[in-house]
1. Identify the residue in the stretch 344-381 that is in contact with a Lys or Arg (Cβ under 9 Å, 6 or more places away or on another chain) and open to solvent by 50 Å² or more (accessible area, probe 1.4 Å) and, among all such residues, is nearest to W425 (Cα to Cα).
2. Name the residues in the stretch 259-269 that are in a loop (DSSP other than H, G, I, E, B) and buried (at least 24 other Cβ atoms within 10 Å of the Cβ), would you?
3. Restricting to the stretch 188-219, what's the tally of residues that are open to solvent by 40 Å² or more (accessible area, probe 1.4 Å) and either in contact (Cβ under 8 Å) with a residue 60 or more places away in the chain or at negative phi (or both)?
4. Which residues, taken from the stretch 482-500, are open to solvent by 60 Å² or more (accessible area, probe 1.4 Å), at pLDDT 95 or above and either acidic (D, E) or in a strand (DSSP E or B) (or both)?
5. Scan the strands (runs of 3 or more DSSP E) fully inside the stretch 551-632 and keep the ones with 1 or more residues being β-branched (V, I, T) and at pLDDT 90 or above.
6. With the structure loaded, tell me whether V504 is open to solvent by less than 30 Å² (accessible area, probe 1.4 Å) and among the aliphatic types (A, V, I, L, M) or whether it fails that test.
7. Which residue is farthest from A164 (Cα to Cα), if the candidates are limited to the stretch 432-453 and must be in a loop (DSSP other than H, G, I, E, B) and free of Cβ contacts under 8 Å to residues at least 40 places away in the same chain?
Amino acid sequence: MLTRFAMTQRPRRRRLTLALTFAAATALLALLATAPTKPQADEPKPASPANAKSPADAKSPADAKSPADAKSPVDAKSPVDTKSPDAAPPASAKLPKRVVLEATRVVGTPEPPPPYRARPALPQVKLSLPLAIVRQPDTELLWAIHQPKPGSATRIVRFTPPAATASAAPAYETLLEGDDTAYDLVFHPRFRENGYVFIGSNGSFGVEKGEKKTRVTRYTVERSAPYKLDPQSAVTIIEWASNGHNGGAMAFGKDGMFYVTSGDGTSDSDTNLTGQGLDHLLAKVLRLDLEGAGPGQTYRVPNDNPFVGRPGTRPETWAYGLRNPWRMTVDPVNGQLWVGNNGQDLWEQIYLVKKGDNYGWSVMEGSHPFYLERKAGPTPFVKPAAEHHHSEARSLTGGVVYYGQRFPELRGAYIYGDYSTGKIWALRHDGEKAVFHKEIADTTLVITGFGFDLEGELLICDYRAGEEGGFHTLEARPPATEPAAPFPRKLSETGLFTSVAGHVPHPGLIPYSVNSPLWSDGSHKERFIALVGADARIDASPGRGWNFPNGTVLVKSFALETRVGDPASRRWIETRLMSRQDNEWVGYSYMWNDAQTDAELVGAAGLYRDSASTPATSADNKTAANAPATVTQQWHFPSRAECMVCHSRAANYTLGLSTA
């Protein structure tokens, strides 16, 4: 099965559906259908929203059941309502009229948006689940690897990009279709002479219940139109057993050598301990000489490979210590070899690959300790050229070096992105250190690969099923036409609460609870929907998250007990907002102050905060003799990128607001 998880075998948090019951959903929709009423004249009127840019979504943790309404406290000792949640009213119950929320101030962004944004590059080309796109040399043809449907084997197709004014999709020529998963394709530097194209893939290759292998296969293409590919010309160049973290990326260096990546061959934590081993082909960048192969050989080992002649070592090794390399490219000007590598628990890496390097896996995860007790390889660890904590990236997709004409400021930069968050970065490196490294775009794309169009401009694979899948490019973000309203730095500035002290929501907010609540560090939660305007409607599509209009804000507040087991001791700790702006969801977190009078906007990177509580007491109000006086609980305020792991496009973003 090929999702990005299967492609990379990345461990992920499980996604659980937090859906409303049918009765609750019906009641909520019925409430929306009732005639709205205006708020009283003395209620605060927030400023009207302006057009806003879209930063990364903020992660939402596991949900738990909350009261159906939130009012001022009923217990003076606690700022949080201690009533138990009420069941959703039956659809036939008489519902109050909905109070209209005219506007909120949750618009725009706290920080300036990145300088570029994504737009469709080939809008007529709608390929399901695209993985890679490559131009056939000296032609106007593009080759693409894609999956016809989720979980299927891949298909390699070829097409001529339609003119920008065309409305019809191009004719797709299927070149290869098998039972394996193709990851990458590359043309020989002398393709116009020999017609060689190489496919990197993984599968059992027709052997029923056979072990999975990663294989590099060479095919021959006719050198003149119609450039027919001969499936019978297949020649296996190299292969190795691999069932997870499979590698299979390829590139020709400026030295004429052929480079191939391999992963650690497992699905989690290098369980076979291959990362630091040199006696196999796993967890490496391999370097092969295809031109110097003798009779009966498909490649020769270059004499200048770093481990040639070392006992117990595969001489094909150029560099080692990689977990799950996903995409490799060579800078066509300076020859730098770049690899994007998926990390395990906390870090994602970009490597500028050099001869003999050891990138540390699985003793290290990037430049950070992982299993220090594991045996290290014979050479020192080399740090990444760039690495990203999981608070800003979750599954890096290696990229390409840009030399197009559209963006002179990016020429010579390595452009790469993140599958989970849609963020894109540019990096320049002088061989010793990074001299330029910047986030240049924050998109909603599910990025699996980068390529170039016929003019050498970027193409970005957006890995979505059906006609939603396709290819995008970057464009400069246009300047704002008018000054943006200041983004609310305090919860009291959002226009969502009549009184933040006491957690009294605006009467136009609609309370809701979920049918399948999850435990979140023992916290109590209350949830609300803020629909802007009298005509706002929800599209309750079956089986997925609901669709909401622009301007919608979903509110979720968390409270912790300062005396465990005593609801009257609850204190608010965090309120999270999910705001839909310009057809995209945006997320923010606010941290409550100790006085419980307001909450401050948390920075983009998120943070941790300790919260103290006293242990639970028995029925006779006694505490266990060995119980500590206080218990400290660390609370995590997520970064603005973390939500993309769960609040993804695949889930339609609104996890709890879906119909069971």
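The values are calculated or read from the model by the stated rules, or taken from the named source; none is laboratory data. These figures come from a predicted structure and were not determined experimentally. So basically every Cβ, Gly included, is an ideal-geometry build from the backbone, and we count neighbours across all protein chains shown. Surface areas here come from the heavy atoms of the whole protein model, side chains and all, with no ligands, DNA or RNA. Shrake-Rupley method; radii C 1.70, N 1.55, O 1.52, S 1.80 Å.
1. Per the stated criteria, the residue is K355.
2. Once the filter is applied, which keeps residues that are in a loop (DSSP other than H, G, I, E, B) and buried (at least 24 other Cβ atoms within 10 Å of the Cβ), the stretch 259-269 yields S262, G263, D264, G265.
3. Keep residues of the stretch 188-219 that are open to solvent by 40 Å² or more (accessible area, probe 1.4 Å), which gives 189-190, 192-193, 196, 205-209, 211-213, 215, 218.
When the remaining residues are screened for being either in contact (Cβ under 8 Å) with a residue 60 or more places away in the chain or at negative phi (or both), the result is 189-190, 192-193, 196, 207-208, 211-213, 215, 218.
Residues meeting the conditions: 12.
4. K490, E493, T498
5. Working: elements: 553-561, 570-581, 584-592, 599-601, 607-613.
In the stretch 551-632, 553-561, 570-581 are the strands (runs of 3 or more DSSP E) which contain 1 or more residues that are β-branched (V, I, T) and at pLDDT 90 or above.
6. No: the conditions fail for V504.
7. In this case the residue turns out to be E432.
Condition check ((1) touching a Ser or Thr at 6+ places or on another chain (Cβ under 6 Å); (2) open to solvent by 10 Å² or more (accessible area, probe 1.4 Å); (3) closer than 28 Å to W585 by Cα) across all residues:
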residue	(1), (2), (3)
H389	no, yes, yes
R394	yes, yes, yes
I415	no, no, yes
T421	no, no, yes
V435	no, yes, no
E439	no, yes, yes
G451	no, no, yes
